[in-house]
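Reading through the C-alpha cells given below for one structure.
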Amino acid sequence: MKIIISVVILTIVVVISCFVGIFFWMRRPRKRAFAEPSHNDWQFRLSYLELFRSTNGFSLDNLVGIGSFGSVYKAVLRESEEVVAVKVFNLQQRGASKSFTAECETLKNIRHRNLVKILTACSSIDFERNEFNALVYEFMPNGSLDEWLHPRTEQIKGLDLIQRLNIAIEVAAALEYLHFDCETPIVHCDLKPSNVLLDKDMTAHVGDFGLARFLSERSNNQSTSIGIKGSIGYVPPEYGMGVQVSILGDAFSYGVILLEMFTGKSPIDDMFKDGRSLHEYAAAAWPERLMEIADPLLFLEEEETRNYREESPIVHEGSRSGINAGQKIRESLVPIIQIGLSCSNPSPRARMTMKDVGNKLHVVRDSILRKSK
C-alpha cells in the first residue's frame, strides 16, 4: 500500500507540474513571426459595385492604360477617398484568367519599395452576371517610364541624367530582389518601360506580373518558356528557341531598357528592321561615337537643370562649378552603355546579373554627383 500510494502521489505531482508548465509556456511573450498575407487577407476588400462606382462606371475619362490582358482605371474610393489604380482583366482575351492568377500568386508573397504594391483583389460577377476579375494597386501619378522616354504631350518634357540613373538603379534593385532575395526566385518575363511606373517622387516601381514565373526545382527541370509571349524587342532571343526561363532573360530585357533610356530609341523603332537591333546600334557607337546616339532630350534637360541652379537665389556654394552638361553626359554614357550592352548580349552566359548592375550604376551615379559639386 505504501508503494502504491507513493506512486499515485508522484504521478499526480508530475501531471500537475506538466499542466502548470504548459500553462506558463502558452502565456509566455512571443515574437510575432512575419507572415506574408494571402490575397484573402489583403488590407481591404472591394466589391464589383464599389469599383464600378469608384471609376464612374469604368468610364473612358478614368482610363489610364491598356495592356495585353486588360485595362487600368484611376479610381477614387468613396469611403477612404484614396486614389488607386484598378486593373480590370478582359476575360474574353485568351490567357487573361491565367494572368490574373499569376499576378495574385506573385504579388501576395513579395514586398519591396520598388515593386508596385497591390492593395486587394476582386473576383466576382458584374451586373450581367459575367465573371469579373480585377486587381487594385497604389496609384502612380507620374505614369510609366515609357511616357517619359517618348513624350507624347508637352506636359512631359523628359528626364535628366540623374533621374534616368535613379530609375535604372531602382529597377535593378527590384529585379535583384526578385531574383536573389525571394524564397523562390521569380522571373518577371515582361519587363519593358510601360511596366515601370513612377510615383509622385519619381521613384520607379516595377509592375504587371501577369507572365511571371517561379523558378522552383520542378520548373528547372522543364521548359517553362512555352507560351510566353512577352513584348517584341524585349524578349530574350533564347526564349524563341525553347530555352528555359531564367533570371538572365530578365537581364536581357533590362539591358534593352537601359539602352533605350539613354539613346531615346525604342527597340521596335522603324530603323531596326532587317535583323538590326538596338543592341547592335549601340555597340557600333561604343565608345567613341556615343554622343551621336545619345538621346537629345538628355542635353535639353541637363541645360535647363543647370540654368535653374545658376538662377536660383538659394544655390549652394560651389554648385556653379564642375563639368558642363555635355562633358558630364559623355563621361557617363561610356560605362552606362557598356552595362546595357552586357545585359542585352545575345548570349545568356555573357550577361550581368542584377547584383553587378546595381553596384556598377551606383558607382557611376556617385561619380557624377561628386564631380558636380
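The values are calculated or read from the model by the stated rules, or taken from the named source; none is laboratory data. Not measured: the values here are computed from a predicted model. Backbone-built Cβ (ideal geometry, glycine too); neighbour counts: all protein chains shown.
Observations, loosely collected:
- Cβ pairs under 8 Å, 6+ apart, first in region 170-182 and more than 25 Å from residue 201 (Cα to Cα), second of a type in the set (D, E, K, R) and surrounded by fewer than 24 Cβ atoms within 10 Å (Cβ to Cβ): 180/355
- Some residue of region 249-262 being in a loop (DSSP other than H, G, I, E, B) and touching a residue at least 40 places away in the same chain (Cβ under 8 Å): no
- For residue 288, the conditions (1) surrounded by 22 or more Cβ atoms within 10 Å (Cβ to Cβ); (2) more than 25 Å from residue 150 (Cβ to Cβ); (3) modelled with pLDDT of 90 or more are fulfilled apart from (1).
- Any hit, region 207-220, residues being touching a Phe, Trp or Tyr at 6+ places or on another chain (Cβ under 8 Å), assigned to a loop (DSSP other than H, G, I, E, B), modelled with pLDDT of 90 or more and not basic (Lys, Arg): yes
- Among (1) closer than 19 Å to residue 194 by Cβ; (2) of a type in the set (Phe, Trp, Tyr); (3) in contact (Cβ under 8 Å) with a residue 40 or more places away in the chain, the one test that residue 73 misses: (3)
- Test: residue in region 91-98 that is surrounded by 15 or more Cβ atoms within 10 Å (Cβ to Cβ), under 24 Å from residue 53 (Cβ atoms) and at pLDDT 90 or above: yes
- Every residue from region 48-81 that is modelled with pLDDT of 90 or more and part of a loop (DSSP other than H, G, I, E, B): 55, 56, 57, 58, 59
- In region 145-172, the residues that are at pLDDT 95 or above, of a type in the set (Gly, Ala, Ser) and either outside the structural domain of residue 252 (by TED's automatic domain parsing) or surrounded by fewer than 22 Cβ atoms within 10 Å (Cβ to Cβ) (or both): none
- Filter result for the condition that a residue is more than 17 Å from residue 179 (Cα to Cα) and modelled with pLDDT under 90, over 257, 228: 228
- Residue check, residue 45 outside any helix (DSSP H, G or I), among the charged types (D, E, K, R), at negative phi and surrounded by fewer than 19 Cβ atoms within 10 Å (Cβ to Cβ): yes
- Test set (1) closer than 21 Å to residue 174 by Cα; (2) without any contact (Cβ under 8 Å) to a residue 24 or more places away in the chain - residue 358 fails condition number: (2)
- Of all the residues in region 246-259, those that are more than 18 Å from residue 148 (Cα to Cα), among the aliphatic types (A, V, I, L, M) and in contact with a Phe, Trp or Tyr (Cβ under 7 Å, 6 or more places away or on another chain) number 0.
- Members of region 320-359 found to be surrounded by fewer than 18 Cβ atoms within 10 Å (Cβ to Cβ), closer than 19 Å to residue 181 by Cβ and not polar (S, T, N, Q), listed by number: 355, 356
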